[in-house]
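Asker: Dumping the structure here so I can ask a few things about it.
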Amino acid sequence: MNDLSSALAHFESHRTAHLNSLKELVRIPSVSFPGFDPAPLKKSAAAVSELLKKNGLTDVRILDTGGHPSVFAQWTEAAGKPTVLLYAHHDVQPTGREELWASPPFEPAERNGRLYGRGVSDDKGGAILHIAAIGSYLKSGGRLPVNVKVLIEGEEEVGSTNLNKLLLQHRELFSADIVVIADSENFDSGVPSLTASLRGIVTVNVEVRSLSSSVHSGTWGGPLPDPVIALSKMLASLLDDQGRPAIRGLFDKVRPLSTREKADLAGLPFNEDIYRKQSNIADGVQIIGGEESVYEKMWNLPSIAVNVIEASSRKQASNIVNDCVYARVGIRIVPDMDPSETLELLENHLLKHAPWGVKVKIEAENPSRWWKTDTNGKVFEAARAALEKGYEKKPAVVGAGGSIPFVQTITEALGGAPALLFGVGDPYSAAHSENESLLITDWEKACKSMIHLLSGLSLDGL
Ligand SMILES: [Zn+2]
């Protein structure tokens, strides 16, 4: 048997042990939110570190981040082979409403092929995925096909506050050629999925004022410009009649999809009923934005949302012309849109559409950049092949409409190293919600894929 088959065989005969390790981690209530006891984070970092040692790693460290601890480990004896950094996190979200859980959140329970408990899929299942893959090699053949570094973070659910500092502080320790991030979910149960892109965002806070104080709408209404109507005109001009963003120049820098990317998108099954249900769109309301598929619109094209409008309030509704109105407007950006240029286009558009000389004040928030990996490179090919072998099904290549700040943080700190994003959950995992769960067979398939991937990444010329 070669190293790969021995590792796969070792996993087969030890999967219950790895599942039990996952259960052991889930029993630790490592909620990283402020106001929660920080002690369990120390306990879960220690438990992760013990599991890494138990699975054959000797250089294992708990890193003090200034916040909750992260765990680092490495095995670097594969001379001449690439170095792969494996990322997951051991902190979890709060439980939400505990009375809604069918079994207690920190007591893992198996029902109908799923494992229930806080963190089973987000992201303790991801941590065990890495640990199981490493152990399967080290415990069967004593070596790994590539150099491996492991980072199990303790603060992902609170925005990875100290991650950038940590990566810079230990630049040498974390240096790697490829990053594998196990913290996203599959497109559907049993469908392995690689996340190839994340949108960025630019946000502005707009204030429109036409009076120095609100006045009686009966006494004064008529000649005075109502700032709420002025802002409504400005906001309405952001989309055309088809619901497509109408800011001039907004699409100029949008990178056209490659033939491969178009094929990946076209390969995704679309079911309007499921989409309507999952997106919470009300009955009879149209899907807007033009001819492109909903996935292209969510992942590969810019979109605009007005998050807040505030003038008077429903509670204090009275017959007035408001003095001013406030709105928060965000644009999701995609490759190759430049955040500051987008900001400028948005500001100019709003100013240009402000009627009647109303006073407009616009303040921008810090933008976040989009992220995209090369889906044509050898690394991505290796990931496609590994997932197909582990799941015995062709992987879906998906995007994420939102941003995951730590992905940019890690890849930038590693000098733009290619990153592979996949995970162990599925759309029924209810990550961040009550009754979080994990489809156990998918988790096992993900573990096998990870074993294949480590071998796939050891090929020369990567
Ligand atoms: Zn997560």
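Asker: Sort out which residues of segment 399-413 are over 10 Å from the mean Cα position of the chain (by Cα) and more than 16 Å from the ligand (Cβ to nearest atom), and write them in order of number.
Answerer: Thr411, Glu412, Ala413
Asker: Sticking with this structure for a sec: Might you check whether a residue that is closer than 28 Å to Ala386 by Cα, β-branched (Val, Ile, Thr) and in contact (Cβ under 8 Å) with a residue 12 or more places away in the chain occurs anywhere in segment 13-32?
Answerer: Within segment 13-32, one or more residues are closer than 28 Å to Ala386 by Cα, β-branched (Val, Ile, Thr) and in contact (Cβ under 8 Å) with a residue 12 or more places away in the chain.
Matching residues to (1) surrounded by fewer than 20 Cβ atoms within 10 Å (Cβ to Cβ); (2) within 22 Å of Lys149 (Cβ to Cβ):
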site	(1), (2)
Thr373	no, yes
Ala396	no, no
Thr411	yes, yes
Leu439	no, no
Ser455	no, yes
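Asker: Do any strands (runs of 3 or more DSSP E) entirely within segment 286-399 hold 1 or more residues that are among the polar types (S, T, N, Q), and if so, which?
Answerer: By residue number, 303-310.
Asker: From the set of residues in segment 58-73 that are of a type in the set (Ser, Thr, Tyr) and in a loop (DSSP other than H, G, I, E, B), which is nearest to the ligand (Cβ to nearest atom)? Please lay out each step first, then the result.
Answerer: Filtering segment 58-73 for residues of a type in the set (Ser, Thr, Tyr) gives 58, 65, 70.
With the extra rule that they be in a loop (DSSP other than H, G, I, E, B), the set shrinks to 58, 65.
Details: Thr58: 28, Thr65: 17 Å.
Looking at the filtered set, the residue picked out is Thr65.
Asker: Condition check: in the same structural domain as Phe187 (by TED's automatic domain parsing), in a loop (DSSP other than H, G, I, E, B) and closer than 22 Å to Glu296 by Cβ. Does Gly402 satisfy that? Step through it out loud before you land on a result.
Answerer: Working: in the same structural domain as Phe187 (by TED's automatic domain parsing): yes; in a loop (DSSP other than H, G, I, E, B): yes; closer than 22 Å to Glu296 by Cβ: yes.
Taking the combined requirement at face value, the residue satisfies it.
Asker: Restricting to segment 414-432, name every residue that is outside any loop (DSSP other than H, G, I, E, B) and within 14 Å of the ligand (Cβ to nearest atom).
Answerer: Leu421, Phe422, Gly425
Asker: Restricting segment 1-57 to residues that are of a type in the set (Gly, Ala, Ser) and outside any helix (DSSP H, G or I), which is nearest to Lys445 (Cα to Cα)?
Answerer: The first filter runs over segment 1-57 and keeps only residues of a type in the set (Gly, Ala, Ser), leaving 5-7, 9, 13, 17, 21, 30, 32, 35, 39, 44-47, 49, 56.
Those still in the list that are outside any helix (DSSP H, G or I) too: 30, 32, 35, 56.
On the way: Ser30: 26, Ser32: 29, Gly35: 37, Gly56: 22 Å.
Among those residues, the one meeting the criterion is Gly56.
Asker: What about Val179, is it crowded, with 22+ Cβ neighbours inside 10 Å and within 16 Å of the ligand (Cβ to nearest atom)?
Answerer: Here the answer is yes, as Val179 does meet what is asked.
Asker: Being of a type in the set (S, T, N, Q) and closer than 24 Å to Ile152 by Cβ is the filter here; which residues of segment 90-109 pass it?
Answerer: Hits for segment 90-109 are Gln93, Thr95.
Asker: Can you name every one of the strands (runs of 3 or more DSSP E) wholly within segment 74-166 that holds 2 or more residues which are in the same structural domain as Leu8 (by TED's automatic domain parsing), within 12 Å of the ligand (Cβ to nearest atom) and on the phi < 0 side of the Ramachandran plot? Don't jump to the end; show me each part of the working.
Answerer: Values: elements: 83-89, 109-111, 114-116, 147-153.
Once the strands (runs of 3 or more DSSP E) in segment 74-166 are filtered for at least 2 residues that are in the same structural domain as Leu8 (by TED's automatic domain parsing), within 12 Å of the ligand (Cβ to nearest atom) and on the phi < 0 side of the Ramachandran plot, what remains is 83-89, 147-153.
Asker: Ser213: part of a loop (DSSP other than H, G, I, E, B), in contact (Cβ under 8 Å) with a residue 24 or more places away in the chain and either more than 19 Å from Ala413 (Cβ to Cβ) or more than 22 Å from the chain's Cα centre (by Cα) (or both), yes or no?
Answerer: yes
The values are calculated or read from the model by the stated rules, or taken from the named source; none is laboratory data. In this text the structure is predicted, and so the values were computed from the model without any measurement. No Cβ is skipped: glycine too gets one built from the backbone with ideal geometry, and neighbour counts run over all protein chains shown.
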